[in-house]
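The values are calculated or read from the model by the stated rules, or taken from the named source; none is laboratory data. Everything numeric in this text was worked out from a predicted model, so none of it was measured. FYI the Cβ positions are ideal-geometry reconstructions off the backbone, even for glycines, and counts take in every protein chain you see. Protein only, heavy atoms only, side chains kept; ligands, DNA and RNA dropped before computing areas. Shrake-Rupley method; radii C 1.70, N 1.55, O 1.52, S 1.80 Å.
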Amino acid sequence: MLSRREVRAVAGLIVLVLIGCLWDLWTLWRLGPVAPPDRAPVRERVPHDSLPAPSVPPHAPGGRIDLNRADAAELDRLPGIGPVLASRIVAYRSQIGGFHSPDELLGVRGIGPRLLERILPDLLVEGRPTGSPGTRSDSVQFARP
């Protein structure tokens, strides 16, 4: 036979389990029906030596990417830049009217000085930023000192 203290402890545990179950049911009800995920094929591990060399964007001299003309897919090829950061760069570019300097990438959330230094050799700012008045030189290239 259980003492009063043990009965209260068991009852408290049962109440906590019920609250957890009700919370899960409420969350599922709030989210609505969830479709089962598609089964993606499992990729085989490929040795690094057998990977193809990264493709170079055709419009950039020397394999550099123009910040004012590159789309998110091209920016995604930069080291340390994934699809999320690439889309943020494109959105920031449209917000500011184009880049005058690669240093303006520091205004993009997720890009800091270390990442900028890593991608700087692959960047190019060509021509006038889209949507900004005034004249500029046709091509401005940036490299590490």
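Which of the residues that make up region 66-85 are among the small types (G, A, S) and open to solvent by 50 Å² or more (accessible area, probe 1.4 Å)? Before the answer, list the steps.
The first filter runs over region 66-85 and keeps only residues among the small types (G, A, S), leaving 70, 72-73, 80, 82.
Result: A73, single match.
All told, G62 falls short of being out of contact with any helix residue (DSSP H, G or I) (no Cβ under 9 Å at 6 or more places or on another chain), open to solvent by less than 20 Å² (accessible area, probe 1.4 Å) and at pLDDT below 85.
Every residue, every condition in (1) farther than 14 Å from R64 by Cα; (2) modelled with pLDDT of 90 or more; (3) over 20 Å from the mean Cα position of the chain (by Cα), yes or no:
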position	(1), (2), (3)
P102	no, no, no
L105	yes, no, no
R114	yes, yes, no
R128	yes, no, yes
P133	yes, no, yes
D138	yes, no, yes
Q141	no, no, yes
